[in-house]
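Participant: Take a look at the following structure, please.
The values are calculated or read from the model by the stated rules, or taken from the named source; none is laboratory data. Model, not experiment: these values are computed from the prediction. We place every Cβ from the backbone using ideal geometry, glycine too, and count neighbours over all the protein chains shown. With ligands, DNA and RNA removed, areas are computed over all heavy atoms of the protein, side chains included. Shrake-Rupley method; radii C 1.70, N 1.55, O 1.52, S 1.80 Å.
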Amino acid sequence: MSDFNILLEPGVFPRLLNGLWVTVWIAGVSVLLSIPVGLVTGWLMTAKSRTIRAIMRVYLDFIRIMPQLALLFIAFYGLARLWNWNLDATGACVLVFVLWGGAELGDLVRGAIQSIPAIQTESAYVLGLTGPQTFARVVLPQAIRRLLPASVNLATRIVKTTSLAVLLGVVELIKVGQQIIDANRFQYPSGTLWIYGVIFLMYFIVCWPLSVVARYLEKEWATA
Amino acid sequence: MTEQQFRGLEVRDLVKKYPKAERNVFDGISFDVPKGQVLVIVGPSGSGKSTLLRTVAGLEPIQGGTIALDGDVLETGKPGTEKAGRSKRPSALRTRIGMVFQSYDLFPNKTVLGNITMAPVLVQKRKKADVEAEAMALLERVGLADRADAKPHELSGGQRQRVAICRALILHPEVLLLDEITAALDPEMVREVLDVVLDLADDGQTMLIVTHEMQFARAVADRIVMIEDGRIVERSTDPDEFFAHPKTERAREFLHTFEFERRRKHEDGEPIREFEDVD
Amino acid sequence: MDWSFIGHYAPFFVTGALMTLTISVFGIALAIVVGAVCAAIETARIPVLRQIVRVYVEISRNTPLLVQLYFLYFGLPKLGFVWSAEACAIIGLAFLGGSYMAEAMRAGVEAVPVVQRENAVMLGFSRLQTVVHVVVPQAASTALPGIVANVIFLIKESSVVSAIALADVMYMTKDLIGMYYSTYESLFLLIVTYLIILLPISIVGSWLERKFNYERL
């Protein structure tokens with residue numbers, strides 16, 4: 001149990017932090033890129049054309065029903081070959097997360113817009129507001145309130161899903177941990193426990209504040 | 001010498017306080033509902049009418065006074081119980097008092113018949129066949145016999161409320177408490193429910209009713225009590241007299257809130273109905 | 001696309017699917033039990049246990065299943081707890097799933113209007129009778145969509161058990177791609193297998209939700 005000292009070995013912690021950074025970076029980029037994708041998807045899902053909505057529905061349902069790992073495999077082994085992309089593991093991860101995150105976000109956007117009671121837009125109409133004015137001042141603020149807590153939750157899920165990147169070979173937090181364990185196998189036989197413990201803790205430290213924020217937003221902005 | 005046992009509901013010196021509140025909700029309220037009679041409680045919102053009913057029901061604790069039914073003490077208030085939840089009356093005592101609430105929620109997973117027969121079978125351990133027969137008779141009485149197998153969500157609010165009344169009645173409560181049972185209903189459905197209550201009054205069901213349907217109150221009541229701020233402002237054993245000529249200023253002001261009139265009038269009292277600039 | 005390959009190797013995917021389903025079924029069943037216990041503790045407001053449940057829920061929802069599995073499979077043996085890969089997978093799924101189930105069930109119980117309980121009181125029901133005949137049926141009806149969603153979610157999450165060498169669908173896919181370079185065929189089988197597993201469950205789930213939705217209009 002004194003193998004706790006593996007954590008104090010020079011270079012271990014910095015390497016772990018580096019791995020954490022890779023994880024956070026992948027998640028962050030994915031979250032940022034999925035915002036425009038999500039907004040466009042959401043907007044398309046409220047489109048007038050039935051064909052567009054049907055296509056969007058199929059896309060959304062497929063991405064949501066397939067396990068993320070399966071999507072990663074498809075992107076990494078399949079799509080890259082199909083379209084001759086030079087897609088490395090990290091790229092495949094970001095691609096999948098953006099498409100998946102965008103699909104989920106799009107559904108949230110659609111839900112938020114549709115959940116605003118017609119009475120709101122009707123009241124705006126009766127008060128003489130124009131279409132764009134109604135959207136900007138009535139629909140958007142309320143949509144954002146409904147949207148944000150769930151979106152922060154989605155961000156948390158994306159962070160957790162980046163853990164799958166290790167299975168594609170990406171050198172992120174878990175991979176780094178495994179490398180450290182392997183390198184110190186003889187010196188610290190139960191280092192496994194401590195390293196995975198720290199990795200566990202690091203994920204928690206990143207995700208938990210996001211959950212807390214999401215819950216706080218939900219309470220603050222709860223619609224009566 | 002045998003003492004004449006009072007038959008009916010007796011509430012004596014009821015004291016109730018909410019935790020952290022400055023004043024008591026009730027400071028020693030007393031009233032009786034003789035067996036077979038109907039007492040109607042009226043008063044402005046927030047006066048404590050529903051709370052009074054709920055304490056009689058045992059849903060809220062009291063910190064002083066007694067509640068007795070036919071001489072049996074149901075509850076004695078104890079200080080320090082402000083935060084206690086519902087009183088822990090045994091099942092047998094609870095079924096002596098029935099209650100119908102303002103929200104006409106029935107058990108959504110059971111049919112109308114199932115809703116009514118649940119308690120007698122589970123609690124009073126009566127035979128299912130007998131209970132079902134009685135339930136059908138009750139439904140017949142309120143005009144819903146053909147809906148016995150319907151689910152609550154298929155019924156209107158008024159219909160659900162009538163079922164709720166049957167559900168309470170089948171336990172043969174000695175006193176029935178009705179807490180603004182039509183306040184949440186659409187106007188067309190209020191009548192069908194109140195007709196049932198009038199029927200019950202004619203049959204001699206002892207009832208304690210909170211309502212703001214004034215004409216109904218006048219018709220159904222044998223006694224009236226008006227409450228404001230947790231105090232009885234006026235009481236009367238002659239409802240017609242109370243509504244026509246209330247004795248206290250507060251009662252008069254309260255009843256006046258139900259009367260409307262146009263303000264601009266001619267000298268003879270008729271409202272002005274002709275206007276110069278109208279097209 | 002080499003269709004004969006697909007015909008030849010489909011059985012592998014069937015085996016993989018069976019592994020996925022086995023792990024999922026046990027994991028989900030255990031998760032439901034854990035969830036029910038946690039929800040009961042939270043709604044009954046039992047003092048110390050309640051806080052423990054809260055901590056458990058926060059931890060299990062803010063860490064990835066993969067890390068939980070690695071911890072169970074590689075870490076715990078160092079403390080003397082050596083379990084088979086299957087056991088680790090089921091425990092991991094139950095650990096993660098339990099908190100999601102607990103949240104869904106708790107929401108279900110809290111959605112039952114207080115008036116329903118008061119009605120039960122006035123009708124003379126005992127506490128146990130109120131819980132069994134009034135609270136649980138209504139809570140279950142409200143919680144069902146959440147529970148169904150969680151079931152689907154957990155089956156998807158089980159796709160990571162290939163990481164601890166369990167021969168599930170993902171494992172088969174990786175294996176075959178590695179061995180035969182049959183990327184498109186393997187991916188095709190991968191997609192089809194998961195669709196065959198998840199689509200029916202989704203449909204059955206929707207049917208169940210509709211059947212037990214007492215408010216259906």
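Participant: Once both axes come from the Cα atoms, what is the angle between helix C:3-44 and the longest principal axis of chain C, in degrees from 0 to 90, rounded to 10?
Facilitator: The answer is roughly 20 degrees.
Participant: On to the next question. Whole-Å semi-axes of segment C:22-69's equivalent ellipsoid, largest first, each the root of 5 times a Cα gyration tensor eigenvalue?
Facilitator: 22, 15, 6
Participant: Same structure, new question: Based only on Cα atoms, what Rg/Rh ratio does segment A:2-222 have, Rh being taken as Kirkwood's radius?
Facilitator: On the way: Rg = 21.6 Å, Rh = 19.7 Å.
For segment A:2-222, the value is 1.09.
Participant: Any residues in segment C:118-140 that have 40 Å² or more less accessible area with all protein chains than in their chain alone, probe 1.4 Å, and which are they?
Facilitator: Output list: C:Glu118, C:Asn119, C:Val121, C:Met122, C:Leu123, C:Gly124, C:Phe125, C:Gln129, C:His133.
Participant: Leaving out ligands, DNA and RNA, calculate the buried accessible area for the pair C and A with a 1.4 Å probe, summed over both sides, in Å² to the nearest 100.
Facilitator: In total, chains C and A hide about 3300 Å² from solvent.
Participant: Oh, and also: Ignore the peptide's own chain and count Cβ atoms of other chains within 10 Å of each Cβ in C:168-178; give me the average, rounded.
Facilitator: Going residue by residue through C:168-178 and averaging, the value is 2.
Participant: Given segment B:8-256, what count of lysine pairs have C-alpha atoms under 23 Å apart, with each pair 8 or more places apart or on different chains?
Facilitator: Counting lysine pairs in segment B:8-256 gives 25.
Participant: Given a 1.4 Å probe, how much area per residue of segment B:189-279 is accessible, in Å²?
Facilitator: 67
Participant: Can you work out the Karplus-derived ³J(HN,Hα) for every residue in segment C:137-149? Use 6.51 cos²θ - 1.76 cosθ + 1.60 with θ = phi - 60°, whole Hz, and x for glycine or proline.
Facilitator: x, 6, 5, 4, 4, 6, 7, 4, x, x, 5, 4, 4
Participant: Would you mind telling me which residue in A:Pro36, A:Pro149, A:Pro141 has the biggest mean-square fluctuation in a Gaussian network model of chain A, where springs connect alpha carbons within a distance under 10 angstrom?
Facilitator: Taking springs between Cα atoms under 10 Å, the residue moving most is A:Pro141.
Participant: 7 Å from Cα along Cα→Cβ at both B:Ile272 and C:Val37: what's the point-to-point distance in nm?
Facilitator: Between B:Ile272 and C:Val37, the simple spin-label model gives 7.9 nm.
Participant: A further question follows. Round to the nearest 10 and give me the degree value, 0 to 90, for the angle of helix A:191-220's Cα axis relative to the longest principal axis of chain A.
Facilitator: Rounded to the nearest ten degrees, it is 20.
Participant: Further, regarding this structure: Tilt of helix A:140-161 relative to the longest C-alpha principal axis of chain A, in degrees (0 to 90, nearest 10)?
Facilitator: Taking the Cα atoms of chain A, the angle to A:140-161 is about 20 degrees.
Participant: Okay, next question. Taking amide hydrogens as modeled 1.01 Å from N in the peptide plane, which residues meet the under 5 Å criterion relative to B:Arg7, leaving out close sequence neighbours?
Facilitator: So B:Arg7 has HN proximity to B:Lys35.
Participant: Once label points are set 7 Å from the Cα along Cα→Cβ at both A:Val24 and B:Asp195, what is their separation, rounded to one decimal in nm?
Facilitator: 7.2
Participant: If you don't mind, another one. State, to one decimal in nm, how far the label point of B:Ser45 lies from the label point of A:Leu79, with both points 7 Å from Cα in the Cβ direction.
Facilitator: The two pseudo-label positions are separated by 5.6 nm.
Participant: Can I ask one more? Shielding by partners for A:160-168, please: the mean number of other protein chain Cβ atoms within 10 Å of each residue's Cβ.
Facilitator: So the per-residue partner count for this stretch is 5.
Participant: Measuring with a 1.4 Å probe in the full set of protein chains, what accessible area per residue, in whole Å², belongs to segment A:57-212?
Facilitator: Ligands and nucleic acids excluded, the result is 44 Å² per residue.
Participant: Here's something else I'd like to know. Summarise the partner chain shielding of B:99-110 as one whole number: the mean count of Cβ atoms from other chains within 10 Å of each residue's Cβ. Working shown, then result.
Facilitator: Numbers: counts 5, 2, 5, 1, 6, 1, 8, 2, 9, 8, 9, 4.
That average works out to 5.
Participant: Return the ratio Rg/(2.2 N^0.38 Å) for chain B, where Rg is computed over Cα atoms only.
Facilitator: Expressed relative to 2.2 N^0.38 Å, the Cα Rg reads 1.14.
Participant: Further question on the same structure: Name the residues whose placed amide hydrogens come within less than 5 Å of the amide hydrogen of B:Val233, ignoring near sequence neighbours (fewer than 5 apart) on the same chain.
Facilitator: Distant-sequence amide H within range of B:Val233: B:Met226, B:Ile227, B:Glu228.
Participant: Which percent of the accessible area of chain C is formed by carbon and sulfur heavy atoms (probe 1.4 angstrom)? Each step should come with its number before you reach the end.
Facilitator: Working: 6970 of 9790 Å².
Solvent-exposed carbon and sulfur of chain C make up 71 percent of the total.
Participant: What are the aspartates and glutamates whose alpha-carbon lies under 18 Å from the alpha-carbon of C:Lys174, with same-chain residues fewer than 8 places away excluded?
Facilitator: By straight Cα distance, C:Lys174 reaches A:Asp88, C:Asp2, C:Glu157, C:Glu185.
Participant: Same structure again: Between A:Val176, A:Val109, A:Val29, find the one with the highest GNM mean-square fluctuation for chain A; connect C-alpha pairs within less than 10 Å.
Facilitator: The residue with the greatest mean-square fluctuation here is A:Val29.
Participant: Take each of the peptides C:100-112, B:75-87, B:182-194, average the number of other beta-carbon atoms within 10 Å over its residues, and list them starting from the highest.
Facilitator: So the peptides C:100-112, B:75-87, B:182-194, ranked by packing, come out C:100-112, B:182-194, B:75-87.
Participant: Where both partners of a DSSP beta bridge lie in the protein assembly as shown, what percent of those bridges are antiparallel, to the nearest 5?
Facilitator: Roughly 55 percent of the DSSP beta bridges within the protein assembly as shown come out antiparallel.
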